[in-house]
Amino acid sequence: MQRREARDFYEVEASRSAWSARQLERQINSLLFERLAKSRDKQGVLDLAREGQTLARPPDVIKDPYVLEFLELPASHRLVESRIEVALINQLQAFLLELGSGFAFVGRQHRLTLEGDHFYPDLVFYHVKLKCYVVIDLKVGKLSHGDLGQMLLYVNYYDREVVTAGDNPTIGLVLCSEKNDAVVRYVLADKHAQIFASRYQLALPSEDVLRAEIQRELELLTPSAPPVKRPSRKRVPADPQTARPAKSKGKTA
């Protein structure tokens, strides 16, 4: 990624979002431009540098990974989801900065009741630019198909029971420490435009590590070219006596 493009992006976003010097420094150190550029083609990266982050559709507000270093939590197998949730609420201003512009906090652990069974999405936001609810669930460890199924339930519930006239379809975001992209594709299927799975990191990634991740994902997204089939050459039948190509015989008068 060219540094000129990154610098142009930060100039546009700093002016538009009125970032303080400290907030700008944090966004640069967390490689915001590179994280947003991961899912864009070459023209998309140029547009990102020129215009900043445009928010027209759900994928525009999603990052991968999300950097939560401000929580100051250790990356440990003993970490539980409730502790991350409480830390995010305590650091809500910093979390809103990481989420990006347009997010308004609605609540945590909103109860959904279906025929006597209760469910509790971790965090709910409303995106004022996309005009839709954003439901976020936190998962410690590797993402499972059950985690995605649970988010499908939340999104379907909000779309049918909560969304009102003027609202767009709900966005679901599962934040996990590790994910399997194949599982995400097969479970979500036709819901892939509304539900996303992203990793979170509790420490700032190094630029080298993130560049390696970007290259790996580009290789996964770029279809491999099919083998080139060379045209077969027709062989002229050989004269069995001379083992040389037979000459065509013309008609005699």
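Work out how much length Asn168 to Glu207 would gain on full extension: take 0.36 nm times their residue separation and subtract the Cα-Cα distance, in nm to one decimal. Show your work: numbers first, answer last.
Values: separation 39, 0.36 × 39 = 14.04 nm, distance 3.57 nm.
Extending this stretch completely gives an extra 10.5 nm.
Cβ-Cβ distance of Glu51 and Phe105, R₀ of 30 Å, FRET efficiency by 1/(1 + (r/R0)^6): the value works out to about 0.65. Less than 5 angstrom separates the built amide H of Ala197 from those of Val174, all sequence-distant by 5 or more or on a different chain. If you sort the three axes of the alpha carbon gyration tensor as a ≥ b ≥ c, you get a/c of 1.5 or more for segment 62-157 and a/b no higher than b/c, which makes it oblate. When the Cα atoms of segment 1-54 are aligned to their principal axes, the ranges along those axes come out at 30, 19, 17 Å in descending order.
Per residue Cα convex hull volume for segment 55-221, in cubic angstrom?
That works out to 127 Å³ per residue.
Considering only Tyr186, Ala203, Phe125, and ranking their Cα positions along the charge dipole of segment 91-207 that arises from unit charges at the beta-carbon of Lys, Arg, Asp and Glu, the one farthest toward the positive end is Ala203. The distance from the alpha carbon centre of segment 89-151 to that of segment 1-71 is 22 Å, rounded to a whole number.
Ranked highest first by average number of other Cβ atoms within 10 Å, how do 121-134, 62-75 line up?
121-134, 62-75
Values in this text are rule-based calculations from the coordinates and carry no lab data. Keep in mind it's a predicted model, so treat the numbers as computed, not measured. Glycine gets a Cβ as well: all are built from the backbone with ideal geometry, and neighbour counts include every protein chain shown.
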